[in-house]
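Below is one structure, written out as structure tokens; comments come after it.
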Amino acid sequence: MKRLRSIVYACFGVGLLAGCGGNQGISSSMPTSVAPQIPPSLAAPGVKKEVQTETVLHSFAGGSDGATPDAGLTNVNGVFYGTTNTGGASNLGTVFKITTSGAESVLYSFAGGSDAAAPGAGLTNVGGVLYGTTAEGGASNDGTVFKITTSGRERVLHSFKGGSDGAGPIAGLTNVKGVLYGTTHAGGASNDGTVFKITTSGTERALYRFKGGSDGKWPYAGLTHLNGMLYGTTYEGGASDAGTVFSLSL
């Protein structure tokens, strides 16, 4: 009897009951309404049904709350920090923090002028202090590098002057052993952008000034560090004026 049950179960598992019955003496008169109950997990081997759950943690309200966040978030000890391009007390952008449960607060509202304005990039954490860029504001309205503590104390480290110094940093900063590296999309020798470095105390220097043409121009994105080299892209320039990927030694 045990052998008969095992044969029936095996036949159900492969869907060949009639064929098995013909060879093993199982009656073909078994009710045809009986169907094998195959667990869903076995119906499609190797295929898993995944259900993603999305939750809105915070909806920006504009005004003093901030609006239009362009960049991602930076994790500092389980709390996220980010920027909004507009909104805030002067509608010139903010730095905010938010917990994983959705409790959000504005740490700082940019005021424009020498202070900085319109942050379009995310923040870089160096030793618990956050560093970022703004595309506008600063002494010459050519953008800034700023730092801010997690409690909201902000200071402009460098105001870009345009010309050979660079102007309009759009991307965030890359930390290499406590020194920050970034790009400006304009300024430089031919107004085609720069690669710069800046210390956490604010000493800044242009490392490279794009010349346009085959050299590349308009670096909009940030930099990637690997083995003592910086890697990045330019939006235009190159042999076909369709953009480049470049490397630059530190």
TODO: May I ask you to list the residues in segment 66-112 that are polar (S, T, N, Q) and crowded, with 17+ Cβ neighbours inside 10 Å?
DONE: 74, 83, 84, 85, 86, 91, 94, 109
Open item on the list: Being of a type in the set (Val, Ile, Thr) and in the same structural domain as residue 222 (by TED's automatic domain parsing): is that true of residue 106 here?
Closed with: yes
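So which residues in segment 58-86 are of a type in the set (Gly, Ala, Ser) and either in a strand (DSSP E or B) or under 18 Å from the mean Cα position of the chain (by Cα) (or both)?
Answer for segment 58-86, where residues must be of a type in the set (Gly, Ala, Ser) and either in a strand (DSSP E or B) or under 18 Å from the mean Cα position of the chain (by Cα) (or both): 67, 71, 72, 78, 82.
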Task: Subset of segment 94-111 (residues that are in a loop (DSSP other than H, G, I, E, B) and of a type outside the set (Val, Ile, Thr)) - done: 101, 102, 103, 110, 111
TODO: Keeping to segment 203-249, report how many residues are out of contact with any Phe, Trp or Tyr (no Cβ under 8 Å at 6 or more places or on another chain), exposed (fewer than 13 other Cβ atoms within 10 Å of the Cβ) and not β-branched (Val, Ile, Thr).
DONE: 9
Open item on the list: As an exercise: evaluate residue 189 against (1) surrounded by fewer than 21 Cβ atoms within 10 Å (Cβ to Cβ); (2) at pLDDT 95 or above; (3) touching a helix residue (DSSP H, G or I) at 6+ places or on another chain (Cβ under 8 Å) and give the number of the one condition it does not meet.
Closed with: (2)
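The values are calculated or read from the model by the stated rules, or taken from the named source; none is laboratory data. Since the model is a prediction, treat every value here as computed from it, not as a measurement. Neighbour counts are summed over all protein chains in view; Cβ atoms, including those assigned to glycine, are modelled from backbone coordinates with ideal geometry.
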